[in-house]
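Have a look at the structure below, then the notes.
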């Protein structure tokens, strides 16, 4: 199913997306850079299916988006002072932070007992994460190794009907991926350079 996003129907589209996520479906949605693929963070069959359609290597954990820092306790039991400073400065925005994962999280969203999280910048993705109230995967809408999708038609080309709902928000602006910071050590460490410049961290 494809829903065209407009200013007039955003609430209707949002409700449809959340309903699909809560039932264990996969939603393709526009972010501030490219399209992402979302499933609810704690539905194991949905996470498994997402890995399969992306043909993603098992060792690569899925990053997550949340709508507020109040959702972080669902994912981690500890937030360092340095992580709090980074979050205050760069969230919402293109900074992904690695936290020690709380017990019981799926291996599909953890790697080495860590989980990657951000609050996205101004976009449908941010509004979706806020409205849902639970973490959502934010892996790029592409087959692993292929270019990320910048429009809904590319998502369709990649996945056909393997995605339950595609939210067509038009073309996205692309650009650099999020910067990834590991906050679990004694000092934050840059794992991937991206949209947040290292000099500003």
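A short reminder: the numbers here are calculations on the coordinates, not readings from a lab. All of these numbers come straight from a predicted model, not from anything done at the bench. Glycine also receives a Cβ, built like all others from the backbone with ideal geometry; neighbour counts cover every protein chain displayed.
With angles folded into 0 to 90 degrees, how steeply does helix 44-54 sit against the dominant principal axis of the chain? Use alpha carbons for both and round to 10.
On a 0 to 90 degree scale, this one is about 70.
If I take every Cα pair under 8 Å that is 6 or more residues apart in the stretch 43-160, average their sequence separation and divide by the length, what percent do I get for the relative contact order?
Reported relative contact order: 36 percent.
Viscosity 1.002 mPa s, temperature 20 °C: what is the translational diffusion coefficient of the stretch 47-146 from Stokes-Einstein with a Kirkwood Rh over Cα pairs, rounded to a whole number of µm²/s? Write out the running numbers ahead of the final one.
On the way: Rh = 13.9 Å.
This corresponds to a translational diffusion coefficient of 154 µm²/s.
Quick check: residue separation of residue 78 and residue 44 times 0.36 nm, minus the Cα distance between them. What number comes out in nm?
9.9 nm is the gain from fully extending residue 78 to residue 44.
Enter the Cα centre distance for the pair the stretch 1-24 and the stretch 78-95, rounded to the nearest angstrom.
29
Normalised by the residues of the stretch 32-102, what does the relative contact order come to in percent, with Cα pairs under 8 Å and at least six apart?
With pairs under 8 Å counted, the relative contact order is 24 percent.
Using only the Cα atoms of the stretch 1-57, what do you get for the radius of gyration and for Dmax, in Å?
Rg and Dmax of the stretch 1-57, Cα atoms, are 12.2, 39 Å.
Which angle from 0 to 90°, rounded to the nearest 10, does the C-alpha axis of helix 81-90 make with the longest principal axis of the chain?
40
Show me, bin by bin at 10 Å from 0, the whole-percent P(r) of the stretch 100-198 based on Cα pairs.
Calculated over all Cα pairs of the stretch 100-198, the distribution is 12, 37, 39, 11, 1 percent.
If you average over every viewing direction, what projected area does the convex hull of the Cα atoms of the stretch 145-190 give, in nm²?
Values: hull surface 20.3 nm².
So the Cα hull casts an average projection of 5.1 nm².
Would you compute, from DSSP H runs of 4+ residues alone, the mean residue ellipticity of the chain at 222 nm, taking -39500 (n - 2.57) per run and dividing by the full residue count, rounded to the nearest 500? All intermediate terms of the calculation are to be shown ahead of the outcome.
On the way: 5 runs with 51 residues, N = 201.
Result for the chain, helices only: -7500 deg cm²/dmol.
Taking all pairs of different Cα atoms in the stretch 72-117, averaging 1/r and flipping that mean, what Kirkwood radius in angstroms comes out? Intermediate results must be reported in sequence, preceding the final value.
Details: mean 1/r = 0.0908 Å⁻¹.
That comes to 11.0 Å for the stretch 72-117.
With an 8 Å Cα cut-off and a minimum separation of 6 or more residues, compute the relative contact order for the chain in percent. Before the final figure, lay out the partial values.
Working: 417 pairs, mean separation 64.9, N = 201.
Relative CO of the chain lands at 32 percent.
Taking other Cβ within 10 Å of each residue's Cβ, how do 70, 22 sort, fewest first?
Values: 70 9, 22 12.
Fewest to most other Cβ atoms nearby, the residues stand as 70, 22.
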